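The values are calculated or read from the model by the stated rules, or taken from the named source; none is laboratory data. In this text, all values refer to a predicted model and were calculated from it rather than measured experimentally. Note that each Cβ is placed from the backbone with ideal geometry, even for glycine, and that neighbours are counted across all protein chains shown.
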Amino acid sequence: MADLNEGAGTGTVSRAMHLLTFLADSSGPVTVKQVVEYLKVPPSTAHRLLNLLATEGFVEIAGNGLYGVGSRFYRVAALVSRNMTPVSIAQPIIEQLAAKYNETVLMGQYLAAERAMMFSVRADGSQKLTYQIDLHRPLSLYWGASGKSILAFLPEEVIEAVLSNEGHSPATGEPPPTLEEGLSALRAVRERGWAVSDSQKLPGARGVAAPIFGPSGVMGCLCLTSPRERLPKTGVEAIGLDVMQKAREISSLLGARP
């Protein structure tokens, strides 16, 4: 996650917002020293901010010099989250990416029980696809950039179980990889942070995808798909980095830890 202090203002409201974000990201109560280091302010300023937020109920004084999230902060967070879903959070970013490249961008969702994934959200550019994409239909976790970008970040035992039961490519009929080949391909995705594929899940398609994380780990992916002739390999690297950055942005909004 990016440093939340980058570009932060020096006013009380700005510092208070960054302090609340710091408390939300922390695994438990924090000390004044930690607040000082995070906000880069004098101890007197840190004390003043903590006490001000404690007075309003947004910070709880836990004793022994520790400060945590207050009951009013919990209430506000609950009210906001009640009206927000991963879809509503991701939709503006998906639309922005689709408009930038004038191509179709999708959000994939990991289906743990089925050991599969499905596309749940999409935004289209003005250029039409030459193949059909169905939403809410279980799809392979190995074939295609979307599946690989999720599978690469799942626990090892899940990866091995998926690879051991994988069928042929739904687009080309290519036989499934050996366990060693599959693990090698997924290792490369983990190291790079995003995946690319050609006609593995959909005929004639080239996909670029990156994982989306939630508080408990990988929960889906962000995928840009286009006919191969419109997405030359020379441009894939820049798109992959852009898709990865947007996926990280969504992950941060969904509460993923750095």
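Residues are listed down the side, and each one gets a yes or a no for (1) at pLDDT 95 or above; (2) of a type outside the set (Val, Ile, Thr):
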| residue | (1), (2) |
| --- | --- |
| HIS136 | no, yes |
| VAL196 | yes, no |
| LYS201 | no, yes |
| GLY214 | no, yes |
| GLY217 | no, yes |
| CYS221 | yes, yes |
| GLU237 | no, yes |
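Conditions: (1) part of a helix (DSSP H, G or I); (2) under 11 Å from the mean Cα position of the chain (by Cα). THR234 meets all but one. Number of the miss?
(2)
Could you tell me how many of the residues in segment 172-195 are closer than 21 Å to GLY108 by Cα and in contact with an Asp or Glu (Cβ under 9 Å, 6 or more places away or on another chain)?
From segment 172-195, those closer than 21 Å to GLY108 by Cα are 182, 185-195; that's our starting set.
Filter once more, keeping what is in contact with an Asp or Glu (Cβ under 9 Å, 6 or more places away or on another chain): 182.
Selection size over segment 172-195: 1.
So, TYR38, is that one outside the structural domain of LYS246 (by TED's automatic domain parsing), modelled with pLDDT of 90 or more and within 29 Å of MET219 (Cβ to Cβ) or not?
Here the answer is yes, as TYR38 does meet what is asked.
Which one is farthest from GLY217 (Cα to Cα), of the residues in segment 124-140 that are surrounded by 14 or more Cβ atoms within 10 Å (Cβ to Cβ) and in contact with a Phe, Trp or Tyr (Cβ under 8 Å, 6 or more places away or on another chain)?
Of everything passing the filter in segment 124-140, GLY125 is farthest from GLY217 (Cα to Cα).
With the checklist (1) over 17 Å from GLY217 (Cβ atoms); (2) crowded, with 20+ Cβ neighbours inside 10 Å; (3) at pLDDT 95 or above in hand, flag the one item LEU151 doesn't pass.
LEU151 satisfies every listed condition except (1).
Every residue in segment 8-55 that is of a type in the set (Lys, Arg) and assigned to a loop (DSSP other than H, G, I, E, B), please.
If the condition is that a residue be of a type in the set (Lys, Arg) and assigned to a loop (DSSP other than H, G, I, E, B), then LYS40 is the only one that fits.
In segment 180-201, which residues are crowded, with 20+ Cβ neighbours inside 10 Å and more than 15 Å from CYS221 (Cβ to Cβ)?
Of all residues in segment 180-201, those crowded, with 20+ Cβ neighbours inside 10 Å come to 182, 186, 189, 194-197, 200-201.
The answer is GLY182, and nothing else.
Cβ-Cβ below 9 Å, separation at least six or inter-chain, first residue in segment 107-119 and in contact (Cβ under 8 Å) with a residue 24 or more places away in the chain, second among the hydroxyl-bearing types (Ser, Thr, Tyr) and outside any strand (DSSP E or B): which pairs?
Note: pairs meeting the criteria are GLY108/SER146; GLY108/SER149; ALA116/SER140; MET117/SER140; MET117/SER146; PHE119/SER146.
Evaluate the following for PRO138: is it within 13 Å of ARG115 (Cα to Cα) and assigned by TED's automatic domain parsing to the domain that holds TYR101? Give the steps one after another, and end with the answer.
Details: within 13 Å of ARG115 (Cα to Cα): yes; assigned by TED's automatic domain parsing to the domain that holds TYR101: yes.
Yes, satisfied.
Would you mind stating whether ALA152 is assigned by TED's automatic domain parsing to the domain that holds ALA247, among the aliphatic types (A, V, I, L, M) and under 20 Å from ALA256 (Cα atoms)?
yes
Having 1 or more residues that are touching a residue at least 40 places away in the same chain (Cβ under 8 Å) and under 18 Å from VAL243 (Cβ atoms) is the bar; report the helices (runs of 4 or more DSSP H) wholly within segment 121-222 that clear it. Outline the logic, then answer.
Numbers: elements: 145-151, 156-164, 179-192.
The qualifying helices (runs of 4 or more DSSP H) are 145-151, 179-192.
Could you go through segment 159-179 and let me know if any residue there is buried (at least 23 other Cβ atoms within 10 Å of the Cβ) and not acidic (Asp, Glu). Walk me through how you get there before you give the answer.
Narrowing segment 159-179 to residues buried (at least 23 other Cβ atoms within 10 Å of the Cβ): none.
Looking through segment 159-179, none of the residues is buried (at least 23 other Cβ atoms within 10 Å of the Cβ) and not acidic (Asp, Glu).
Can you name the number of the only condition in (1) farther than 16 Å from GLY207 by Cα; (2) buried (at least 19 other Cβ atoms within 10 Å of the Cβ); (3) over 18 Å from the mean Cα position of the chain (by Cα) that GLU103 fails?
(1)
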